[in-house]
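Participant: Once you've had a glance at the structure underneath, I'll fire off some questions.
The values are calculated or read from the model by the stated rules, or taken from the named source; none is laboratory data. Just so we're clear, the structure is a prediction, and the values are computed from it rather than from any experiment. Note that each Cβ is placed from the backbone with ideal geometry, even for glycine, and that neighbours are counted across all protein chains shown.
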Amino acid sequence: MDSILVKGNGPLNGVIPIAGAKNACLTLMPATLLSEEPLTLTNAPRLSDIATMTQLLQSLGAEVASMQNGLVLAMSSHKVDNHTADYEIVRKFRASILVLGPLLARDGHAIVSLPGGCAIGARPVDLHLKAFESMGAELELRDGYVHAKAPGGRLRGAIIEFPFVSVGATENALLAATLAKGTTVLKNAAREPEIVDLAVCLRRMGAQIDGEGTSTITIQGVDRLGGATHPVVTDRIELGTYMLLPAICGGEVECLGGKMSLVGAFAEKLDAAGVSVVETERGLKVTRKNGRVNAVDVVTEPFPGFPTDLQAQMMALLCTADGTSVLEETIFENRFMHAPELVRMGAKIDVHGGHATVTGVEKLRGARVMATDLRASVSLILAGLAAEGETVVSRVYHLDRGYERVEEKLRGVGALIERISA
């Protein structure tokens, strides 16, 4: 099993190109199941999760070709001859549940295994299933699979009010509603940029959607969707992660393709901590203002609030801040598993339930640590870049699910990092 070796070596300077968003691409890919015509995605990220979604779509009968060194995905679902998403593929990642809505909408039936992914909380699919039931679907959970069918072969429009904001449930319901009979209204819908990106793509395919980016999305179902070519939106989580490099190490890094609109709440916290973020013609330029960063308190919230997917990375920064910070995790339970690993590096962290109190130290120390999930893995790399000595991060297969060519990008700004193959 591979590990990552990191050596702290002072300020980092240069440019880092930001990839297309993993979470957006994984949502866009199942949209191919809604049409018999080709769907092409550009600016696709080159990640193991994308390869797994490719494998899942191909198992259903879709054709998926990776072109231009993986940056373009050309897909066609003119023949969907299997409606069962098998456990052996689905267990690998959470987004696999997003094929359920398109299969139901297209052909009126589907059998999809309950999904897997990072162990950061229960993340039940109840809201997905309740949304489909509101649209007339008949569902049965049997042997770890969701057996779903739409009486008469077609879902019908409905008013669906989510009891709490769920990105995945919003995406799945949005996908399904495009081909439902009548009008669907999603209330308390997620507002993330990935939702907006999905709506833009579906509209290019001929869907009638209004209100994306707000808490109420209205979809007028159509009889069929066509093909389209769509660029995947910039990955705001990769963007935020690399914005932390000069914050934690010093120096100046420009994140190519970054936009302030994608990371507004995060950038505000960086500013409060003493980190300058300036929008340029090419992206976002980030510089630490003076000495150690200031302690700041963070509460994770649905977009446009502070992203839960940047909480672990922010904690790594605050481990070296001047003062005491409190991080509150409101989205997922069990998402402070990186804290004990940071403590191994000399951090002072006290976790109580959904709160973590971090008292900054002047310097972290290199150590052998273990990644527990995707975002935890990169937080430990960030900490290693700011630590004295060497840090070895094990179980980095998580990292490859969400960050493409991380060693290459970090070396490009002067980091001392290498992958150690088992």
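Residue-wise test of (1) basic (Lys, Arg); (2) farther than 21 Å from Glu88 by Cβ; (3) surrounded by 15 or more Cβ atoms within 10 Å (Cβ to Cβ).
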| site | (1), (2), (3) |
| --- | --- |
| Asp107 | no, yes, yes |
| Leu114 | no, no, yes |
| Val125 | no, no, yes |
| Glu133 | no, yes, no |
| Asp143 | no, no, no |
| Ile159 | no, yes, no |
| Leu179 | no, yes, yes |
| Leu186 | no, yes, yes |
| Ala190 | no, yes, yes |
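Participant: Restricting to region 389-398, what's the tally of residues that are crowded, with 21+ Cβ neighbours inside 10 Å, hydrophobic (A, V, I, L, M, F, W, C) and more than 10 Å from Ser377 (Cα to Cα)?
Facilitator: The total comes to 0.
Conditions (1) more than 29 Å from Ala177 (Cα to Cα); (2) at pLDDT 95 or above; (3) not hydrophobic (A, V, I, L, M, F, W, C), marked per residue:
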position: Asn9; (1), (2), (3): yes, no, yes
position: Leu12; (1), (2), (3): yes, yes, no
position: Val15; (1), (2), (3): yes, yes, no
position: Ala21; (1), (2), (3): no, yes, no
position: Cys25; (1), (2), (3): no, yes, no
position: Thr42; (1), (2), (3): no, yes, yes
position: Asp49; (1), (2), (3): no, no, yes
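Participant: Sort out for me the helices (runs of 4 or more DSSP H) sitting completely within region 324-422 that have 2 or more residues that are under 22 Å from Arg292 (Cα atoms). Steps first, answer last, please.
Facilitator: Details: elements: 339-344, 374-385, 399-402, 406-411.
Because the criterion is at least 2 residues that are under 22 Å from Arg292 (Cα atoms), the helices (runs of 4 or more DSSP H) in region 324-422 that meet it are 339-344, 374-385.
Participant: Does Phe266 satisfy the criteria of being within 18 Å of the chain's Cα centre (by Cα) and either part of a loop (DSSP other than H, G, I, E, B) or more than 30 Å from Phe164 (Cβ to Cβ) (or both)?
Facilitator: Numbers: within 18 Å of the chain's Cα centre (by Cα): yes; either part of a loop (DSSP other than H, G, I, E, B) or more than 30 Å from Phe164 (Cβ to Cβ) (or both): no.
Taking the combined requirement at face value, the residue does not satisfy it.
Participant: For region 399-422, which residues satisfy the criterion of being basic (Lys, Arg) and crowded, with 18+ Cβ neighbours inside 10 Å?
Facilitator: First, the residues of region 399-422 that are basic (Lys, Arg): 401, 405, 409, 411, 419.
Scanning region 399-422 gives Arg401, Lys409.
Participant: Now, a different point. Mind checking which pairs have a first residue in region 71-97 that is at negative phi and a second that is at pLDDT below 95 and of a type in the set (D, E, K, R), Cβ under 6 Å, 6 or more apart or different chains?
Facilitator: Close Cβ pairs satisfying both conditions: Phe93/Asp49.
Participant: How about region 174-197: which of its residues are under 17 Å from the mean Cα position of the chain (by Cα) and of a type outside the set (A, V, I, L, M, F, W, C)?
Facilitator: Arg191, Glu192, Pro193, Glu194, Asp197
Participant: Starting from region 399-422, keep only residues that are farther than 17 Å from Ser379 by Cα, then list their pairs with residues that are hydroxyl-bearing (Ser, Thr, Tyr) whose Cβ atoms are within a distance under 7 Å, requiring at least 6 positions of separation or different chains.
Facilitator: Ile420/Ser3
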